[in-house]
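S.K.: The following block contains the structure, expressed as structure tokens.
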Amino acid sequence: MSLAKDTPAKVAAKGIAVVAFLFMLHSGYSAREFLLYSKSIGRQDLKLPIEIVLECLGALAVMTVAIVVGVGELKAISYEAEMKRYSVDGIYSRPSFQVFNHRGRFLRPLEAVGPVAKK
């Protein structure tokens, strides 16, 4: 599996997503500061200003588009695509699931199952 280099558009999209995330952090910080200030002056109406709401929604929209553009080629997740990577011998050869301790008592005679008596 070779790692493909990111195209300039993907790198730019990832950078835009980071900037949009920083704007979302800023809008959250602004909302917190506004609510703390409103409570300190005794203001009862605690509705956020439209500037903070628009900053948060705009940053969310830009970040969503940037992430969608910035992701690489999607891989198939179907069962057939996954099973093409393995052979039949590799799929059914799991030594960790092969436990024979539970079969031994039925394969030996009953006398051998119990404790061995000393003579």
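S.K.: For the pair K75/K14, report the inter-label distance in nm, with labels modelled 7 Å from Cα in the Cβ direction.
M.R.: Label at K75, label at K14, 1.7 nm between them.
S.K.: In this model, which of K14/K75; K5/K84; K14/K39 are farther than 28 Å apart at the alpha-carbon?
M.R.: Working: K14/K75 19 Å; K5/K84 25 Å; K14/K39 38 Å.
Result: K14/K39 exceed 28 Å.
S.K.: Right, next: Among the trypsin sites (Lys or Arg not before Pro) within the range 16-56, which fall in a DSSP loop and have no more than 12 other Cβ atoms within 10 Å of their own Cβ?
M.R.: Of the trypsin sites (Lys or Arg not before Pro), the ones in loops of the range 16-56 whose Cβ has at most 12 other Cβ atoms within 10 Å are R43, K47.
S.K.: With N residues in the range 1-78, what two-decimal value do you get for its Cα radius of gyration over 2.2 N^0.38 Å?
M.R.: Ratio of Cα Rg to 2.2 N^0.38 Å: 1.59.
S.K.: If you keep only loop residues by DSSP, which chymotrypsin sites (Phe, Trp or Tyr not before Pro) in the range 1-88 have at most 11 other Cβ atoms within 10 Å of their Cβ?
M.R.: Within the range 1-88, the qualifying chymotrypsin sites (Phe, Trp or Tyr not before Pro) (loop, at most 11 other Cβ atoms within 10 Å) are Y86.
We did not get these values from a lab; they are worked out from the coordinates using the rules stated. Note that the structure is a prediction, hence the values are computed from the model and not measured. Methodologically, a virtual Cβ is constructed for each residue, glycine included, from the backbone with ideal geometry; neighbour enumeration extends over all protein chains shown.
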